[in-house]
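Asks: Handing you a structure now.
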Amino acid sequence: MDRELEAYFDNYIELFNTKGFKQLVDELKQNTTQLSDIQSVKDSEELFFRKGQVTALAMIINLESTIIAAREQAEAEAKGDLYV
């Protein structure tokens, strides 16, 4: 893995280890739970809007696991191990 890609992953890992990021993820999880309650949704337009909101929040909530998986794949490819 080249230095630029390694620095990219290291920067994310540093971010994920901060209290602020953990706090943000916890708040986003709470927001996702609230947005997932569709009992008060008035129409299909609002339903699809909420779906988009939940999708966007899920991307941030899952960012850490996504980056870790990408790093593991990049490391495996650098070693020539294609079976990750």
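Asks: So, Ile60, is that one out of contact with any Lys or Arg (no Cβ under 6 Å at 6 or more places or on another chain) and touching a residue at least 40 places away in the same chain (Cβ under 8 Å) or not?
Replies: no
Asks: Residue by residue through segment 1-22, note down the ones that are among the β-branched types (Val, Ile, Thr) and either modelled with pLDDT under 95 or more than 13 Å from Ile68 (Cβ to Cβ) (or both).
Replies: Thr18
Asks: Any idea which residue in segment 39-74 is farthest from Ile13 (Cα to Cα), counting only those that are of a type in the set (D, E, K, R) and touching a Phe, Trp or Tyr at 6+ places or on another chain (Cβ under 9 Å)?
Replies: In this case the residue turns out to be Arg71.
Asks: When the residues of segment 22-46 are filtered to those that are closer than 29 Å to Glu72 by Cα and touching a residue at least 12 places away in the same chain (Cβ under 8 Å), which remaining residue is nearest to the chain's Cα centre (by Cα)?
Replies: Val25
The values are calculated or read from the model by the stated rules, or taken from the named source; none is laboratory data. Everything quoted here is computed from the prediction, not taken from an experiment. Quick reminder, even Gly has a Cβ in these numbers, built from the backbone with ideal geometry, and neighbours come from all protein chains shown.
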